[in-house]
Amino acid sequence: MRRRSIVVKIDVDKYLCKGCYICVDKCPTKVFEVSSVIGDYGIFLPEARHVDRCVDCGICELYCPDYAITIIRSGGNEA
Amino acid sequence: MNPLIQNYLRSEYAQGKRRTIFCPGCGNGIILGYFVRAIDELKREDGFDDSKLYIVTGIGCSGNIPVPLKYNIIRALHGRALSVATGVKLVRPDSEVVVFAGDGDLLSIGGNHLIHTIRRNVGIKVILVNNMLYGMTGGQVAPTTPMEAITHTTPYGNPEPPLDACKLAVSLGATYVARWVVPLAKQCIQSIKELLLHRGFGLLECLSQCPVYQGRYVIGIDRPSKIMDYYLKITVVSDKPSYGDKITIGKFVDYERPTYEEIMWSIVNKAREGGNYEA
Amino acid sequence: MGKYSLMMGSEALVRGAIYAGIRFYAGYPITPATEVAEYMAQLLPRAGGIFVQTEDELAAINMAIGASVAKWKAMVATSGPGFSLMQEGIGHAINTEVPLLIVDVQRGGPSTGQPTMPSQQDVFQARYGSHGSYEIIVLSPGNVQELFYLTIDAVNLSEQYRTPVILLTEEITAHLWEKIYVPGPGEYPVLPHATPPTRGDEGFLLESQLHDERGYNVANDPELSAKALWRLIRKIRDNVDKISRIEVKYFDDEPSVFIASYGCSARSALAAVKMLRQDGYKVGFLRLITLWPFPENTIRNAVRGASTVVVPEMNSGYIVNEFRLLGLNVVSVPKLGGEMPMPEEVYSIVKGVLS
Ligand SMILES: Cc1ncc(C[n+]2csc(CCOP(=O)(O)OP(=O)(O)O)c2C)c(N)n1
Ligand code: SF4
Ligand code: SF4
Ligand code: SF4
Ligand SMILES: [Mg+2]
């Protein structure tokens, strides 16, 4: 059971991200966009530009093959 | 770094000094995440004791899935993971033995061991990562590659029909057999949990994307998310295994019969009743 | 207190293994190693151990590796074709530092060869059979009593150096019946079993590629890879004088000729030395108990002053090369076909050398 919490930030680890863009493509509300910031693997990092649209489905975290994504919530995490 | 996963990583991985070896968008990394989440949920729901885990891997990209984890890990030779795992399970029947192996590893070079491990019903839990070819060696045909597909060793098309690992396992008497596909996260995690709690031999085949070889050559799509979509298109849920133009996914069998380690230990105990060995 | 008992070589081997703490056996039937499996199937469960007849030799050695890693001292026994199938596994156990006993009861010929006949044709395969650079310990028992003790020694060495050890015997010795002394419990030293170390809540990582001490893969780093491999090689190479043993007889009068041999062939060699001495020829006797690592220094010392070493062996002339490499003048007495080199044969060859 989840308590009501609001996603305040979605962190992308620039050292771990390999730029596969599964997060960009699979987010149901298109929270991510490809930025012009280059990560450690020499790829343009995805950036969670529209966190306000996030419905906290967790898909980006689940699908990220490189455990680079962390959804940061306010009002306590999962109960 | 995702803190949930980080919790389960071996020190150099947790400290960020080492990263997985997989190509961008590879399904192997996703399966690693599913495995960790399955264990994490089991620990919280059932008090699953993960200190009893022994993980044995084959050789191939998929054999690298558990390497970053802080469990006891044995990297077996190519094709021999089930043999090593059987040795572990026999001498430590209370341990939880998990095998990660690729389709080439488990079904081609290790095929004989698969047959006999299932026949014996050794209580080993196998996660078969089927990317439809040999990833590690650079995209050659595997026993799971669809007929006519182009790979680096079938430049004019694959002349051989593929093998359905699940059908084989069911026919040999495997007591848990399921096939899922990487985009179905919930089902994959649920199935890993069932596998870990199962008594006896269990097989979870996970269809997984290899964007750089399978994506590019076998199916002609190289964007990882699009291969995931493609997988959803070619699979259909069923209670019977089938591996053709449509690949059936789902749980195919789930029952129990006496395990090899149980039978073996009852033999040992009976033999000892007849008088202990003396030099 | 131990006791005396008449038994076949294979049974002595099995009893030695159980004495040494072996509790897991995996194997696939093959002549002439089948008796080892059959005695094991009988005796091991009564000692609380597990016997498995596997689907093939590949499964056998890999199961044994799993059992050794997880808990118990483990072994396999095979011959010729099965020994070939196990080679990859031997290298794997070396690289992952898994203690293991591997028995090869040698039969003759390449391929299916001569299933029921003895040979010593695997002495180089035992040393070099797996791919890659490595060192390995190989012991060669000369009689049934020694089969018992060397089996224990082999297991002890594998634990001490955390590496597979090969016991290389022959059809003749494994099928020979002799009276032996079986020591009582605690009479002969037995080392505890070494499993891979874990750190705190972090389990071990047994990596089959080259790795550092904690198991992390270093295969793409030339410097660290070289370091990893040298460590495995040096732990054997730097301890040759501790590991390797020979037996020397009839050396007091500084003979100019030695007959050097090993395993069953050494029995003929010894008989020939005795015959020659009876006829007034000063001939020394040297027997390799450890074939590999080859005990260079010990041998050099033992045969100091001798001009020639005659080496009878049941192959086309293998170990003789090692003596040649020591700068010694050698005479090879190779024997193929499955018969032992006869004392008379060796006798007349040595006589020819002396005259
Ligand atoms: C005895 C042996 N033969 C061949 C190889 C080379 N090899 C390494 S991985 C592999 C195939 C891997 O394919 P798969 O098992 O499907 O794993 P994937 O990389 O696709 O995950 C091969 C042939 C080997 N390591 N050992
Ligand atoms: S899914 Fe992960 S690795 Fe892929 S682009 Fe997004 S953050 Fe990077
Ligand atoms: S949690 Fe769901 S909605 Fe929010 S960013 Fe991730 S994928 Fe998009
Ligand atoms: S080659 Fe294929 S299977 Fe291997 S890591 Fe790359 S994408 Fe994954
Ligand atoms: Mg594959």
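The values are calculated or read from the model by the stated rules, or taken from the named source; none is laboratory data. Everything numeric here is computed off the predicted structure, so don't read it as measured data. Note that we place each Cβ from the backbone using ideal geometry, even for glycine, and neighbour counts take in every protein chain shown. Surface areas here come from the heavy atoms of the whole protein model, side chains and all, with no ligands, DNA or RNA. Shrake-Rupley method; radii C 1.70, N 1.55, O 1.52, S 1.80 Å.
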Other chains' Cβ within 10 Å of B:29-40 residues: what's the mean? 3
Alpha-carbon Rg with Dmax, taken over the range C:3-182, Å: 14.4, 44
Under 5 Å between amide hydrogens, which residues at least 5 positions from C:Val103 or on another chain qualify, with H placed 1.01 Å from N in the peptide plane? C:Val76, C:Ala77, C:Thr78, C:Leu167
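Return the inverse of the average 1/r over all pairs of distinct C-alpha atoms in the protein assembly as shown, which is the Kirkwood hydrodynamic radius, in Å to one decimal.
One decimal place: 27.8 Å for the Kirkwood radius.
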Bin by bin, in steps of 5 Å, what percent of the Cα pairs in the range C:169-316 do you find, going until the bin that has the longest distance? 2, 8, 11, 12, 13, 12, 11, 10, 9, 6, 4, 2, 1, 0, 0
Kirkwood Rh and Cα-based Rg: tell me the resulting Rg over Rh for chain C, rounded to two decimals. 0.98
Kindly sort B:Lys125, B:Lys251, B:Lys240 by accessible area of their heavy atoms, largest first, with the probe set to 1.4 Å. B:Lys240, B:Lys251, B:Lys125
Entries of B:Lys193/C:Lys73; A:Lys26/B:Lys233; C:Lys179/C:Lys235; B:Lys43/B:Lys251 with Cα pairs more than 27 Å apart: B:Lys193/C:Lys73; C:Lys179/C:Lys235
Over the Cα atoms of the range B:23-110, each weighted equally, I'd like the Debye log10 I(q)/I(0) at q = 0.22, 0.23 Å⁻¹, rounded to two decimals. -1.10, -1.16
Quick check on packing: order B:144-151, B:46-53, C:326-333 by the mean number of other C-beta atoms within 10 Å, highest mean leading. B:144-151, C:326-333, B:46-53
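What number of lysine-lysine pairs in the range C:247-354 show an alpha-carbon separation below 14 angstrom, given a sequence spacing of 8 or more or placement on distinct chains?
5
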Compute the accessible area per residue over the range C:98-193, keeping the other protein chains in place, probe 1.4 Å, unit Å². 32
Fraction of the pair-distance distribution of chain A above 16 Å, Cα-Cα pairs, percent: 46
Hydrodynamic calc, the range C:129-231: Kirkwood Rh from Cα pairs, then Stokes-Einstein at 25 °C with viscosity 0.890 mPa s, so D in µm² s⁻¹ is 147
What distance in nm separates the simple spin-label points at B:Gln6 and C:His175, each placed 7 Å from Cα in the Cβ direction? 6.7
Taking the chain alone as reference and the full protein assembly as comparison, with a 1.4 Å probe on protein heavy atoms only, the residues of the range A:39-61 that lose at least 30 Å² of accessible area are A:Tyr41, A:Glu61
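Tally Lys and Arg at +1 and Asp and Glu at -1 over the other residues with C-beta under 15 Å from the C-beta of B:Asp103: what net charge comes out?
-2
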Given a cut-off of 22 Å, what percent of all Cα-Cα pairs of the range C:247-354 lie beyond it? 19
Per residue and in Å³, how big is the convex hull formed by the alpha-carbon atoms of the range B:3-273? 124
Cα-only Debye scattering, the range B:67-132: base-10 log of I(q)/I(0) at q = 0.14, 0.19, 0.29 Å⁻¹: -0.38, -0.70, -1.44
Cα-based reach from B:Lys226 at 16 Å (exclusive), listing aspartates and glutamates while leaving out same-chain residues under 8 positions away: A:Asp25
Of all beta bridges DSSP finds with both residues in chain B, what is the antiparallel percent, to the nearest 5? 25
Long-range amide H partners of B:Ile247 with built H, under 5 Å: B:Thr235, B:Val236
Return the subset of A:Lys18/B:Lys52; B:Lys125/B:Lys167; B:Lys89/B:Lys246 for which the Cα-Cα distance in this structure is over 26 Å, preserving the input order. A:Lys18/B:Lys52; B:Lys89/B:Lys246
Return the ratio Rg/(2.2 N^0.38 Å) for the range B:124-279, where Rg is computed over Cα atoms only. 1.30
Cross-link partners of C:Lys242 among aspartates and glutamates (Cα-Cα below 17 Å; sequence separation of 8 or more within a chain): C:Glu135, C:Asp153, C:Glu159, C:Glu296
Is there a simple number for the mean count of other chain Cβ atoms within 10 Å of the Cβ of residues in B:9-19, and what is it? 3
Counting other chain Cβ atoms within 10 Å of each Cβ in A:64-74 and taking the mean gives 6
For the range C:24-39, 3J(HN,Hα) per residue [Karplus equation, 6.51 cos²θ - 1.76 cosθ + 1.60, θ = phi - 60°, Hz, x = Gly/Pro]: 9, 10, 10, x, 10, x, 7, 6, x, 9, 4, 4, 4, 4, 5, 5
Rg from C-alpha atoms of the range C:310-355, normalised by the globular rule of thumb 2.2 N^0.38 Å, equals 1.15
log10 I(q)/I(0), Debye, Cα-only the range B:23-68, no solvent, q = 0.19, 0.21, 0.22, 0.33 Å⁻¹? -0.67, -0.78, -0.83, -1.20
May I have the extent of the alpha carbons of the range B:103-214 along their three principal axes, as whole Å values ordered from largest to smallest? 44, 30, 20
Helix-only [θ] at 222 nm, chain B, -39500 (n - 2.57) per DSSP H run of 4+, per residue, nearest 500, equals -10000 deg cm²/dmol
Give, in whole angstrom and from largest to smallest, the semi-axes √(5λ) of the equivalent ellipsoid of the range C:232-295, with λ running over the eigenvalues of the Cα gyration tensor. 28, 12, 7
If you take the accessible area of C alone plus B alone and subtract the pair, what total do you get in square angstrom, rounded to 100, with a 1.4 Å probe? 3800
Using the basic label-point model (7 angstrom from Cα toward the beta carbon), what is the B:Arg44 to A:Asp11 distance in nanometres? 1.9
Quick one: how many Å² of C:His92 are accessible to a 1.4 Å probe, rounded to 10? 10
For the range C:1-101, alpha-carbon Rg over 2.2 N^0.38 Å: 1.04
Going Cα to Cα from A:Lys9, which lysines come in below 16 Å? Please leave out same-chain ones fewer than 8 positions away. A:Lys30
Amide H within-cut-off set for B:Met136, under 5 Å, with H built and near neighbours excluded: B:Cys61
